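Down below is the structure, laid out as structure tokens.
What follows is calculated from the coordinates using simple rules that are stated; it is not laboratory data. Here the structure is a predicted model, which means the values were calculated and not measured. All Cβ positions, glycine included, derive from the backbone under ideal geometry; neighbour counts span all protein chains shown.
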Amino acid sequence: MTTSQPKRRAAGTAPQDFMFDAIPPRVLDGIASAADLPKVLGILAPVGYGKTVLMTTLFSRLVARADPCLWCTLDYRHDTTAHLLTLLEELVYGHAERMHPTQALFRGDDPIDLRIDRLIETARSDPAPLTIFIDNLNHCRDDALPLLLDRLVFEAPSFAALCHLQFHRTPA
């Protein structure tokens, strides 16, 4: 029996592998069986409720049926819209593979609006629907985030986003 080597991916660009048998949440069948995914699906729940399990399982099902999907995981280092845009650009354009290293250093210097414009143009030029999973979106705490999400949702015709937000109990 031979095993294939997993394809190497940049950190945060693939769902995590669980070291346990994940029990898919009941809501998964309703979402996965819909003819079309909603344009935006926000998943909001406390720690341990299965947000990432839901997104990972849905991602796997969509990939298995050959739907174009991208996965982006944010963490404490990705607290600005510029960081999120850089991750999305790497996923959508593959810049890291095609740019000269000195160009890659300066690509984030473009204004946020211009970078969003390019992302929207790319989405408009590809008729295939694209689903982008953004895990831990709550790490991005930036005033420009609503602009990015609004433009992706309302100006990119074939874009759908599934976002995992985690909330924490506010201190008493």
(request) Subtract the Cα-Cα distance of Glu155 and Ala128 from 0.36 nm times their separation in residues, and report this length gain in nm to one decimal. (result) 8.2 nm
(request) Kindly list the residues of region 40-65 that lie in the label zone of Arg141, defined by a backbone N under 19 Å from the point 7 Å along the Cα-to-C-beta vector. (result) 44-47
(request) Based on the mean of other Cβ atoms within 10 Å per residue, sort peptides 15-26, 139-150 so the most packed one is first. (result) 139-150, 15-26
(message) Could you compute the net charge surrounding Tyr76? Neighbours are other residues with a C-beta less than 14 Å from the C-beta of Tyr76; K and R count +1, D and E count -1.
(response) -2
(message) Spelling out what I want: for every residue of region 131-147, take phi, set θ = phi - 60°, compute 6.51 cos²θ - 1.76 cosθ + 1.60 (Karplus), and round to whole Hz; glycine and proline get x.
(response) 10, 10, 9, 10, 8, 6, 4, 4, 6, 7, 10, 9, 5, 7, 4, x, 4
